[in-house]
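The values are calculated or read from the model by the stated rules, or taken from the named source; none is laboratory data. Computed from a prediction, not measured in an experiment: that's the story for all the values here. With ideal geometry, Cβ positions are generated from the backbone for all residues, glycine too; neighbour counts draw on all protein chains shown. Heads up: the accessible areas ignore ligands, DNA and RNA and are worked out on the full protein's heavy atoms, side chains in. Shrake-Rupley method; radii C 1.70, N 1.55, O 1.52, S 1.80 Å.
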Amino acid sequence: MQSFQAFVAVYSAPAHRSIMLDAWYMDDDTTMDQREEHRLKPNKPATLEDLQTLGVLHWTFDADSYEDSPEFAAMRAERGYDYEDTCTVSRETMPNYEEKIKSFYEEHIHSDEEIRYCLDGSGYFDVRDGQDRWIRIKVEKNDLIVLPEGIYHRFTLDNKNYIKALRLFKGVPIWTPYNRCVIRAELSSAAAANGRMRGFNKFCFSAKNPHNVAESQA
Ligand SMILES: CSCCC(=O)C(=O)O
Ligand SMILES: [Fe+2]
Ligand code: NI
């Protein structure tokens, strides 16, 4: 019991909790490459509070020594992340690179958290806020980000075209993406067939996700 409490104390140490994360509301300029920053002019930052409201979590751990870090181990133990693998996204290392880049950037949800720890390189995770606006979150070496289940999101490389990330999961991983356009189509055909939203529950993963409410009224 004592050792468990010590674990929790280390894990909660403020030095490793994020105070800064570069995140901003996006423009909707589709003529520009997805790898650009897409900041509004003037820039409209998303605060840590904005992200906390959405259930997005963030920590930093030194990626050169995380394997020996008691804080990292404690975070994993507390959150139950017993699965890990690495994923390197670059033209040289990823089979079906173009296809993958495209599918990462399709707006989707998952039935579980998406946990990514950036070991090298960088990229952007975009998440929808409560009013369906895109927030772009810059993830760099040392950043660990947790997107809650049921939040609409997408991923893109930035213009450096390289990220190496550790993927964590609780139990046997389920990576299935449910693309928003497909959900929309299924809901509207279900609505047409039944006059009501029979397919709705299948996609309603999380009470945290405000979009499912809007979706049910679509
Ligand atoms: C940064 S990891 C690569 C992207 C990915 O795994 C995802 O979008 O789910
Ligand atoms: Fe995802
Ligand atoms: Ni994913």
Of (1) open to solvent by 30 Å² or more (accessible area, probe 1.4 Å); (2) touching a Cys at 6+ places or on another chain (Cβ under 8 Å), Tyr162 satisfies every one except (2)
Scan the stretch 63-82 and give yes if some residue there is touching a residue at least 12 places away in the same chain (Cβ under 8 Å) and in a strand (DSSP E or B), otherwise no. no
Pairs returned, first residue in the stretch 151-175 that is within 15 Å of ligand 2 (Cβ to nearest atom), second residue that is open to solvent by 50 Å² or more (accessible area, probe 1.4 Å) and at pLDDT below 95, beta-carbon separation under 8 angstrom, 6 or more apart or interchain, are Ile151/Lys208
Inside the stretch 101-112, the number of residues satisfying the requirement of being within 22 Å of Asp28 (Cα to Cα) and surrounded by fewer than 20 Cβ atoms within 10 Å (Cβ to Cβ) is 7
Here the residues within the stretch 148-179 that are within 14 Å of ligand 1 (Cβ to nearest atom), closer than 19 Å to Arg136 by Cβ and either more than 15 Å from the chain's Cα centre (by Cα) or in a strand (DSSP E or B) (or both) are His153, Arg154, Phe155, Thr156, Leu157, Asp158, Lys160, Asn161, Tyr162, Ile163, Ala165
Every listed condition ((1) within 19 Å of Ser122 (Cβ to Cβ); (2) open to solvent by 20 Å² or more (accessible area, probe 1.4 Å)) holds for Glu71 save (1)
Of Asp22, Asp50, the only residue that is open to solvent by 70 Å² or more (accessible area, probe 1.4 Å) and either under 22 Å from Gly123 (Cβ atoms) or modelled with pLDDT under 95 (or both) is Asp22
Of the residues in the stretch 136-159, those that are in contact with a Cys (Cβ under 8 Å, 6 or more places away or on another chain) and polar (S, T, N, Q) number 1
Among the residues of the stretch 126-151, the number that are small (Gly, Ala, Ser) and over 22 Å from Phe169 (Cβ atoms) is 1
Within the stretch 113-151, the residues that are within 12 Å of ligand 3 (Cβ to nearest atom) and surrounded by fewer than 18 Cβ atoms within 10 Å (Cβ to Cβ) are Glu149
Checking Gly121, Gly150 in turn, the sole residue that is in the same structural domain as Ala77 (by TED's automatic domain parsing), in contact with a Leu (Cβ under 9 Å, 6 or more places away or on another chain) and not β-branched (Val, Ile, Thr) turns out to be Gly121
* Condition met for Thr60 (open to solvent by less than 50 Å² (accessible area, probe 1.4 Å), within 16 Å of ligand 3 (Cβ to nearest atom) and on the phi < 0 side of the Ramachandran plot) -> no
Of those in the stretch 83-105 that are within 10 Å of ligand 1 (Cβ to nearest atom) and in a loop (DSSP other than H, G, I, E, B), the residue nearest to Asn159 (Cα to Cα) is Tyr105
